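Presented below is the structure to which this report refers.
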Amino acid sequence: MKTGNAILSSYGTTIFEVMSRLAQGVGAVNLGQGFPDGNGPDDVVAVAADYLRNGLNQYPSMMGLPELRQAVAQHNKRFYGLDVDWAREVMVTSGGTEAITGALFGLIEPGDEVVLIEPLYDSYLPIVRRAGAVPRLVRLEPPDWTLPRAALAAAFSDKTKLILLNSPMNPCAKVFTTDELEFIAALMLRHDAFAVCDEVYEHIVFDGGRHVSLITLPGMRDRVVRIGSAGKTFSLTGWKVGYLTAAPELLTPIAKAHQFITFTTPPNLQKAVAYGLGKDDAYFDSLARDLEAKRDRLGRGLAEIGFEVLPCHGTYFITTDFRPLGFNGDDAAFCKWITTEAKVAAVPVSAFYDGGGVGYYARFAFCKENASLDEALARLRRHFRK
Ligand code: GLN
């Protein structure tokens, strides 16, 4: 009998689904998959509810509602000083993941090379491969996650179509510096390459740091696809509303992919996100400040229990080295063990490496109510008898 597509069939079920279902099955506090356990900002949800009840329920334009595209353009100006033509340079997608997939399918020609940096979000590689590209992987290693510049330069060639860059970076909580981005920009210019920038954690940067968007660097405006996400910016991950900003020459082929993948995104949610992007600075500041406090709450507790907690500069995630706890097994076994025995779920960091990772790091999501974080810590404390 014939079989399904070989590339996609070679992958198992995504680790986020696996750990969340396991957590649900055993009643674990889920610090695995990165989603907040609150209900998002009331005012944003109220706008969506209003439009759901009062008549915005049919297909909107495939490019997205003009109000949201205008709001995305204004957001680019407000936070990054970018002048964006909303009608030609902004498209709404069904989440950041769809934006990434659309960008890859829209830009890649079979045989192209794509540079990716590990650890990486798990949808990147299957889609790059399914689009027919040859991945060139560059590894960042814990505990420092330093950008290996020589290896990165060696991964680029004149066959490089694009680099897929995630900053702030999941799972390692690295925020790329201007200097690192300049190094990447120089490679892109030398090899005539594009960048697809997954910047969904753009507003979740800590300790007074700032997210720098590659698209703002000299020579990058026409080479970079910048992706944002309402899921992360408004703590509404199930809404699956993303947005993409790119020069018309890049956006046009990406829109061709989008029109055949999801075509469009719920209009009532788009209205609410348009409203949300216009919220005042206090909203964006408190998003980062609240999550920073949660990072510290969970990080302190995990350190007291005996984990070695790596620095975290942004995103929803803390990476921990569990060797001090004396577990005899790899990170996948450790995460399964604490999920089923301590009833706290985490995600193994090796799931973010193609050929396996270092094998003793676990990722914990801290984007949860304080009560959930405290309960998780209490359970881990009991489990490790501290
Ligand atoms: N980005 C989220 C994480 O890393 C989850 C996304 C997903 O579940 N596909 O946990």
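For residues that are among the basic types (K, R) and under 20 Å from H313 (Cβ atoms), tally how many sit in region 178-233. Before the answer, list the steps.
In the first step, residues of region 178-233 are kept if they are among the basic types (K, R); the result is 190, 210, 221, 223, 226, 232.
Keeping just the survivors that are under 20 Å from H313 (Cβ atoms) gives 210, 226, 232.
Residues that pass the stated criteria total 3.
Does R289 count as part of a helix (DSSP H, G or I), over 23 Å from T233 (Cβ atoms), of a type in the set (K, R) and more than 15 Å from the ligand (Cβ to nearest atom)?
On the way: part of a helix (DSSP H, G or I): yes; over 23 Å from T233 (Cβ atoms): no; of a type in the set (K, R): yes; more than 15 Å from the ligand (Cβ to nearest atom): yes.
Answer is no for this residue.
Tally time: how many residues in region 310-334 are farther than 12 Å from V205 by Cα, in contact (Cβ under 8 Å) with a residue 24 or more places away in the chain and touching a Gly at 6+ places or on another chain (Cβ under 8 Å)?
Result for region 310-334: 4.
Of the residues D285, D222, D198, only one is at negative phi and without any contact (Cβ under 8 Å) to a residue 24 or more places away in the chain; which?
Being at negative phi and without any contact (Cβ under 8 Å) to a residue 24 or more places away in the chain holds for just one of D285, D222, D198, which is D285.
Between residues in region 103-132 that are within 16 Å of the ligand (Cβ to nearest atom) and in a loop (DSSP other than H, G, I, E, B) and residues that are modelled with pLDDT under 95 and β-branched (V, I, T), which pairs lie under 6 Å by C-beta distance while being six or more apart or on different chains?
Correct list of pairs: D122/T14.
Quick grid of which residues meet (1) among the polar types (S, T, N, Q); (2) assigned to a loop (DSSP other than H, G, I, E, B); (3) in contact with a His (Cβ under 6 Å, 6 or more places away or on another chain); (4) over 18 Å from P171 (Cβ atoms):
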site: G4; (1), (2), (3), (4): no, yes, no, yes
site: E17; (1), (2), (3), (4): no, no, no, no
site: R21; (1), (2), (3), (4): no, no, no, yes
site: Q24; (1), (2), (3), (4): yes, no, no, yes
site: G32; (1), (2), (3), (4): no, yes, no, no
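Would you pick out the residues in region 305-318 that are touching a Lys or Arg at 6+ places or on another chain (Cβ under 6 Å) and within 12 Å of the ligand (Cβ to nearest atom)?
F317
Within the bounds of region 228-244, is there any residue that is among the β-branched types (V, I, T), assigned to a helix (DSSP H, G or I) and within 16 Å of the ligand (Cβ to nearest atom)?
Restricting attention to region 228-244, the residues satisfying the condition of being among the β-branched types (V, I, T) are 233, 237, 241.
Retained after the next criterion (residues that are assigned to a helix (DSSP H, G or I)): 233, 237.
Filter once more, keeping what is within 16 Å of the ligand (Cβ to nearest atom): 233, 237.
Yes, the conditions are met somewhere in region 228-244.
Failed condition for N39, given (1) among the polar types (S, T, N, Q); (2) away from the ligand (no atom under 16 Å from the Cβ); (3) assigned to a helix (DSSP H, G or I), with all others met?
Single failed check for N39: (3).
From the list A378, A345, A351, A362, exactly one residue is more than 14 Å from the ligand (Cβ to nearest atom) and of a type in the set (A, V, I, L, M). Which is it?
Testing whether each residue is more than 14 Å from the ligand (Cβ to nearest atom) and of a type in the set (A, V, I, L, M) leaves just A378.
Mind counting the residues in region 332-352 that are of a type in the set (G, A, S) and over 11 Å from M19 (Cβ atoms)? Explain how you work it out, then say what you get.
Just the residues of region 332-352 that are of a type in the set (G, A, S), to begin with: 332-333, 342, 345-346, 350-351.
After this cut, where a residue has to be over 11 Å from M19 (Cβ atoms) as well, the list is 333, 342, 350.
Summing the residues that are of a type in the set (G, A, S) and over 11 Å from M19 (Cβ atoms) in region 332-352 gives 3.
Looking only at region 75-96, which residues are farther than 18 Å from T252 by Cα, buried (at least 21 other Cβ atoms within 10 Å of the Cβ) and not small (G, A, S)?
H75, N76 - these are the residues of region 75-96 that are farther than 18 Å from T252 by Cα, buried (at least 21 other Cβ atoms within 10 Å of the Cβ) and not small (G, A, S).
L302: out of contact with any helix residue (DSSP H, G or I) (no Cβ under 6 Å at 6 or more places or on another chain), touching a residue at least 40 places away in the same chain (Cβ under 8 Å) and closer than 17 Å to K174 by Cα, yes or no?
Numbers: out of contact with any helix residue (DSSP H, G or I) (no Cβ under 6 Å at 6 or more places or on another chain): yes; touching a residue at least 40 places away in the same chain (Cβ under 8 Å): yes; closer than 17 Å to K174 by Cα: no.
It is false that L302 is out of contact with any helix residue (DSSP H, G or I) (no Cβ under 6 Å at 6 or more places or on another chain), touching a residue at least 40 places away in the same chain (Cβ under 8 Å) and closer than 17 Å to K174 by Cα.
Residue by residue through region 355-386, note down the ones that are of a type in the set (K, R) and without any contact (Cβ under 8 Å) to a residue 24 or more places away in the chain.
Passing the criteria: only R385.
The values are calculated or read from the model by the stated rules, or taken from the named source; none is laboratory data. If you're wondering where the values come from, they're calculated on a predicted model, not measured in any experiment. A quick note on method: Cβ atoms are made from the backbone with ideal geometry, for glycine too, and the neighbour counts reach across all protein chains shown.
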